[in-house]
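S.K.: Can you keep this structure in mind? I'll have questions shortly.
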Amino acid sequence: MNELDRTDFSLGEWYVSPLESLVRRGNECVHLEPLAMEVLVYLARHAGEVVHRESLETEVWRGAIVSYDALTNTIIKLRKALADSAKQPRYIATIPKKGYQLIAEVTWQEQASADHNPDNGTSPNPDSAVPGTRSWDSRVNPFLLLLLGIGLLAAGWFGSRGPPAIATASSIVVMPFVNLSGDSQQAYLADGITEDITTDLSRLSEIRVVAGNTALRYKDEQVSPEQVGKELDVQFVLKGSVRQAGDELRVNAQLVDTTSGFNVWAERYDRRVEDVFAVQDDVTKSIVQAFALNLTQQERQRLAKQATANLQAYDYFQEGQRLFKINTREANRDAYDMYRKAIETDASYGRAYGAMAVVLGVNYRRDWTDNSIETLDRALELAKRAVALDDSTPQNWWALGFVYLAHKDFIQAEQAALKSTEVAPNYADGYGLLGLINSFIGRPAEAIEFNDKGVALNPYYSFEYLITYGLAYYTLGQYAKAVEVLERAQERNANNVVVKYLLCASYVRLGRLTDAEWVADELQLLTPTARLANVERNFPLANNDTKDALLADLRSAGLRR
């Protein structure tokens, strides 16, 4: 809803305040849903005209697919709020097979103020007011008129150049863009746009950006911006939809204030599919403008760099992302092949190299490889190549830190992880990796501090964050806390070996030997490689005291050599 559409107006005997989303009549006050208010304002701007359903769906729902009942139910709510009747309408008339018509007289606040302005050569005419409505020359609070003047000045200042700037930087979450193409195979495009815009915004230091993993929890759910705002403690939500038909692409995007439910900015992009990267850039620029952010030169340079301009390579990469999330050995193999195809299509696609490195790193950690040394060396080679090609993408630095950690090169791992948060101050996983690294090198307090930063940006954090807390508490000797978080981690991932190692050792420290022996037996039954020798060789603990304590506790629980 733009500035003009936030202007108050009189509708028959009702006074309508779009900004407050309410209608008043005497002492009676009725609140409207934001969408219902947008419909009412649109009808008021076209008072006396027959407004077709298609026009309302295009302008209010902004091209999103809505059911036939959605608009009908909204009209019903408006009639109920205005004490109107469909059979004998005084406000909204239904025009069969066409749409709706606002039949009550509308007086806009700025119109009434202009009519009563002594400088325009006219005098106030009390008879011109709508019966039962306020007379602006005698009943309006002067303070409200002052606010109106400020609002109109702002509207004139910004004009039509873009979204009005928000005075202070704030917080935002990019909700999963909805795939409206009717083809599940095209869902990758909506997912890719969501991830890329989130990554772009995470590079900006003046706003807090919630992690994409948290936003994914709302995928395919019908939740209001107000609910999201309360649950994630964010002031703004970016939501949108993607529709692809052949080579044609339509992207709708809306920036919504979660406290009021009003649109701060909305835009529809009708482009060719190959222009998808330009659309992402335009959306990011509009948000920067709306938040009036002061970007550093480095931030501008990072935003200007594209990961790839090759749509086919992008397709392969997004398919790899989908497969990698399946989290099986077979899916990892297929994801690796997709990333390889992306690189064959665009040899400069740094992000694809980084993704390949992560796949190999995961394969190494989970013993999904026949040659662990060769796999890890290849992963490091790919991660270095990713950063060399694109050092502005935080995921590439994260991949390098992740692989260095597997190599037990803790200094290089920490430097790479720090770099990921330098290029993207809102990159939650970068802080999570720093927490993990610090827990492994025996700095539990720092580990908890970094982990807390990651959790703040990623409220629906993965179980890996709980591993970091568990190891940090174990190192600090706070075994009850360690058990608490590790049991939660086990609920999220029942088969993770690291969780079971740490939980088993913490049980021993608390004297819960029966529980510890149970976990040790389960470990050896489910994972043949779960042996003390493997823990000693592969568990990346730089602190020898902690490592010796862990091995002793696992031995007490019955873990075999």
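S.K.: Grab the Cα-Cα distance for Leu513 and Gln478, subtract it from 0.36 nm times how many residues apart they are, and report the gain in nm with one decimal.
M.R.: So the chain would gain 10.9 nm between Leu513 and Gln478.
S.K.: Compare the Cα positions of Ala552, Tyr218, Gln412 along the charge dipole of the chain (+1 at Cβ of Lys, Arg; -1 at Cβ of Asp, Glu; about the Cα centre) and return the one farthest towards the positive end.
M.R.: Among Ala552, Tyr218, Gln412, the one farthest towards the positive end of the dipole of the chain is Ala552.
S.K.: Still on this structure: For region 171-304, count the residues as N, evaluate 2.2 N^0.38 Å, and divide the Cα radius of gyration by that value, please.
M.R.: In units of the globular-protein estimate, region 171-304 measures up at 1.01.
S.K.: Starting with the fewest neighbours, write out Asp220, Asp282 ranked by other beta-carbon atoms found within 10 Å of each beta-carbon.
M.R.: Sorted ascending by nearby Cβ count, the order is Asp220, Asp282.
S.K.: Sorted by average packing, counted as other Cβ atoms within 10 angstrom per residue and highest first, what order do 244-256, 367-379 take?
M.R.: The densest-packed peptide leads the list: 244-256, 367-379.
S.K.: Residue by residue through region 363-377, which ³J(HN,Hα) values in whole Hz follow from phi under the Karplus form 6.51 cos²θ - 1.76 cosθ + 1.60 (θ = phi - 60°), with glycine and proline marked x?
M.R.: 4, 5, 5, 9, 6, 9, 8, 8, 9, 5, 5, 5, 4, 5, 5
S.K.: Sticking with this structure for a sec: Assuming 0.36 nm per residue, please report the length gained on full extension of the stretch His31 to Glu49 beyond their Cα-Cα distance.
M.R.: Residue separation times 0.36 nm, minus the Cα-Cα distance, leaves 3.9 nm.
S.K.: Give me the percent of Cα-Cα pairs in region 442-514 that sit more than 15 Å apart, rounded to a whole number.
M.R.: 50
S.K.: Towards the positive end of the charge dipole of region 425-561, with charges on Cβ (+1 Lys, Arg; -1 Asp, Glu), say which of Pro528, Ala428, Phe450 has the farthest Cα.
M.R.: Comparing the listed Cα positions along the dipole, Pro528 ranks first.
S.K.: Another question, then. Using modelled amide H (1.01 Å from N, peptide plane; none on Pro or chain starts), what sits under 5 Å from the amide H of Phe262, excluding residues fewer than 5 places away?
M.R.: Asp257
S.K.: Quick check: convex hull over the Cα atoms of region 241-348, volume per residue in Å³, rounded to an integer?
M.R.: 150
S.K.: What is the antiparallel percent of DSSP beta bridges lying wholly in region 171-304, to the nearest 5?
M.R.: Antiparallel bridges: around 75 percent, rounded to the nearest 5.
S.K.: Can you tell me the 0 to 90 degree angle between the C-alpha axis of helix 410-423 and the longest principal axis of the chain, rounded to 10?
M.R.: The helix 410-423 is inclined about 10 degrees to the chain.
S.K.: ³J(HN,Hα) across region 462-473 via Karplus (A = 6.51, B = -1.76, C = 1.60, θ = phi - 60°), whole Hz, x for Gly/Pro?
M.R.: So the Karplus estimates, Gly and Pro as x, are 7, 5, 4, 4, 5, 4, 4, 4, x, 5, 5, 5 Hz.
S.K.: Still on this structure, I have one more. Please list 522-529, 424-431, 547-554 highest first by mean number of surrounding beta-carbon atoms within 10 Å per residue.
M.R.: Top of the packing list down: 424-431, 547-554, 522-529.
S.K.: Putting +1 on Lys and Arg Cβ atoms and -1 on Asp and Glu Cβ atoms, find which of Ile75, Ala313, Leu541 reaches farthest to the positive end of the dipole of the chain.
M.R.: Checked the options; the winner is Leu541.
S.K.: Also: Go ahead and run the numbers for FRET between Glu446 and Ile76, Cβ-Cβ distance against an R0 of 56 Å, rounding to 0.05.
M.R.: About 0.45, to the nearest 0.05.
S.K.: With 21 Å as the limit, write out which pairs from Lys500/Lys547; Lys453/Lys481; Lys419/Lys547 have Cα-Cα distances beyond it, or answer none.
M.R.: With Cα atoms farther than 21 Å apart: Lys419/Lys547.
S.K.: I've got another one for you. Provide the three semi-axes, in whole Å and in decreasing order, of the ellipsoid equivalent to the chain as defined by the square roots of 5 times the Cα gyration tensor eigenvalues.
M.R.: Rounded to whole Å, the semi-axes are 56, 25, 22.
S.K.: Something else: Any idea what the alpha-carbon Rg over 2.2 N^0.38 Å comes to for region 307-413?
M.R.: The reported ratio for this selection is 0.99.
S.K.: Taking the number of other C-beta atoms within 10 Å as the exposure measure, put Thr514, Thr475 in order starting with the fewest.
M.R.: Thr514, Thr475
S.K.: For region 8-21, what does the Karplus curve 6.51 cos²θ - 1.76 cosθ + 1.60, with θ = phi - 60°, yield as ³J(HN,Hα) per residue in whole Hz, taken in order and with x for Gly and Pro?
M.R.: 5, 8, 9, 10, x, 8, 9, 10, 10, 10, x, 5, 8, 6
S.K.: Let me know the Rg and Dmax you get for region 440-561 when you use only its Cα atoms, in Å.
M.R.: Over region 440-561's Cα set, Rg and Dmax evaluate to 13.6, 41 Å.
S.K.: Follow-up question, since we're still on this one. At a Cα cut-off below 28 Å, give the lysines reachable from Lys87, other chains included and same-chain residues fewer than 8 away excluded.
M.R.: List returned: Lys77, Lys97, Lys98.
S.K.: Can you sort Ser224, Ser202, Ser181 so the residue with the fewest Cβ neighbours within 10 Å comes first?
M.R.: Ser224, Ser181, Ser202
S.K.: So, one more: Suppose only helical runs count, i.e. DSSP H with n ≥ 4. What mean residue ellipticity at 222 nm does that imply for the chain under -39500 (n - 2.57) per run, divided by all residues and rounded to the nearest 500 deg cm²/dmol?
M.R.: -17000 deg cm²/dmol
S.K.: Which cross-chain or sequence-distant (5 or more) residues have an amide H under 5 Å from the amide H of Val178, H modelled 1.01 Å from N in plane?
M.R.: Gly240, Ser241, Val242
S.K.: Right, next: Please give, to one decimal in nm, the separation of the simple spin-label points placed at Arg24 and Leu532, each 7 Å out from Cα toward the Cβ.
M.R.: Those two pseudo-labels are separated by 7.8 nm.
S.K.: About the Cα centre of the chain, how large is the charge dipole given +1 on each Lys and Arg Cβ and -1 on each Asp and Glu Cβ? Please answer in debye to the nearest 20.
M.R.: Dipole of the chain, to the nearest 20 debye: 820 debye.
No value in this document is a laboratory result; all are computed from the given coordinates. Owing to the predicted nature of the structure, the values given are computational and were not obtained by experimental measurement. Virtual Cβ from ideal backbone geometry, glycine too; neighbours counted across all protein chains shown.
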